[in-house]
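Asker: This structure is in structure tokens; I'll ask about it shortly.
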Amino acid sequence: MFSGIIERLERVKAVSHKDQTLVLVVATIFDDLELGESIAVNGVCLTVTEYTQGQTATFFVSSETIERTNLGALAAGDVVNLERAVRLETRLSGHLVQGHVDGMAVLTSATPDADQYLLEFTLPDSLGRYCVEKGSITLNGISLTLNSVTPEADQSCSIKVTIIPHTWENTNLHAVRNGDKINVEIDIIAKYVETLCQPYLKP
């Protein structure tokens with residue numbers, strides 16, 4: 001479990017593709033990782049399979065993860081967001097994040113507004129229906145608040161978020177360009193509520 005508060009911004013050291021899977025090597029200054037530990041990379045919960053103390057962490061990325069996330073497009077030199085799993089005694093500064101990406105959004109605009117940035121994304125209506133104004137969403141592993149949610153005529157949904165200077169500088173959102181795909185995890189509570197209500201919605 002994660003909270004969507006990014007701890008480190010690190011560079012990809014190597015990407016090795018094999019069949020429909022890949023091995024991802026990421027630089028890290030974490031000096032106390034353990035094999036088998038979960039780390040969110042761009043919001044995707046991955047398992048540490050190899051570790052060189054204070055230098056790199058290695059992850060295996062399955063075909064399912066490649067299909068649903070933007071990790072398959074990574075190359076050496078790219079910057080990724082890292083967050084270690086939360087401990088029970090720590091503050092939950094963001095919101096409950098599983099690291100289970102539901103799909104991807106596409107950046108359509110990034111507009112400077114004084115010291116902050118207004119970002120707009122398009123996402124499928126299948127994900128947009130879980131989004132509400134002032135609700136929570138996770139984009140590339142970052143816990144954010146939705147400014148607005150606008151259904152579109154083409155079965156898509158437009159969402160807007162405000163990025164403060166700290167988040168802009170300490171996550172990889174500053175490196176994203178129009179048309180880039182961003183990992184999306186919707187609020188898990190919304191999915192549970194929908195499932196629990198299904199028996200009562202049937203005629």
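Read-outs: derived from the displayed coordinates by stated rules, not from any lab. Please read these numbers as outputs of a predicted model, since none were measured by experiment. Neighbour counts are summed over all protein chains in view; Cβ atoms, including those assigned to glycine, are modelled from backbone coordinates with ideal geometry.
Asker: Kirkwood Rh over alpha-carbon pairs of segment 134-203, then Stokes-Einstein at 37 °C and 0.692 mPa s: what D in µm² s⁻¹, rounded to an integer?
Answerer: 230
Asker: At a 10 Å Cβ-Cβ cut-off, how would you order 62, 93, 136, fewest neighbours first?
Answerer: If I rank by nearby Cβ atoms, fewest first, I get 93, 62, 136.
Asker: Same structure again: How large is log10 of I(q)/I(0) for segment 38-79 at q = 0.20 Å⁻¹ when the intensity is taken from the Debye formula with one equal scatterer per alpha-carbon?
Answerer: Ignoring solvent entirely, the Cα scatterers give -0.67.
Asker: Given 10 °C and 1.306 mPa s, how large is the Stokes-Einstein diffusion coefficient of segment 8-84 in µm²/s, with Rh as the Kirkwood radius over Cα pairs?
Answerer: For the chosen part, D equals 130 µm²/s.
Asker: With 30 Å as the cut-off, how large is the P(r) tail for the chain, expressed as percent of Cα-Cα pairs?
Answerer: Of the Cα pairs, 21 percent sit more than 30 Å apart.
Asker: Further question on the same structure: Hey, got the dipole for the chain? About the Cα centre, +1 on K and R Cβ, -1 on D and E Cβ, debye to the nearest 20?
Answerer: I would put it at about 180 debye.
Asker: Among 144, 139, which comes first, then next, by fewest other beta-carbon atoms within 10 Å?
Answerer: Fewest-to-most ranking of 144, 139: 144, 139.
Asker: Of the residues 19, 78, 115, which exhibits the maximal mean-square fluctuation in a Gaussian network model of the chain defined by a 10 Å Cα contact cut-off?
Answerer: 19
Asker: Using alpha carbons only, how many angstrom separate the centre of segment 9-79 from the centre of segment 111-134?
Answerer: 27
Asker: Modelling each spin label as a point 7 Å along the Cα-to-Cβ direction, I'd like the residue 49/residue 7 distance in nm, to one decimal.
Answerer: Each label point is offset 7 Å from its Cα along the Cβ direction, giving 2.1 nm.
Asker: Considering only 23, 105, 76, whose Cα is most displaced toward the positive end of the charge dipole of the chain, charges sitting on Cβ of Lys, Arg (+1) and Asp, Glu (-1)?
Answerer: With unit charges placed on the Cβ atoms, the residue in question is 105.
Asker: I'm a student and want to see the number: the projected area of the Cα convex hull of segment 81-182, averaged over all directions, in nm².
Answerer: Its Cα hull, projected and averaged over all orientations, spans 6.8 nm².
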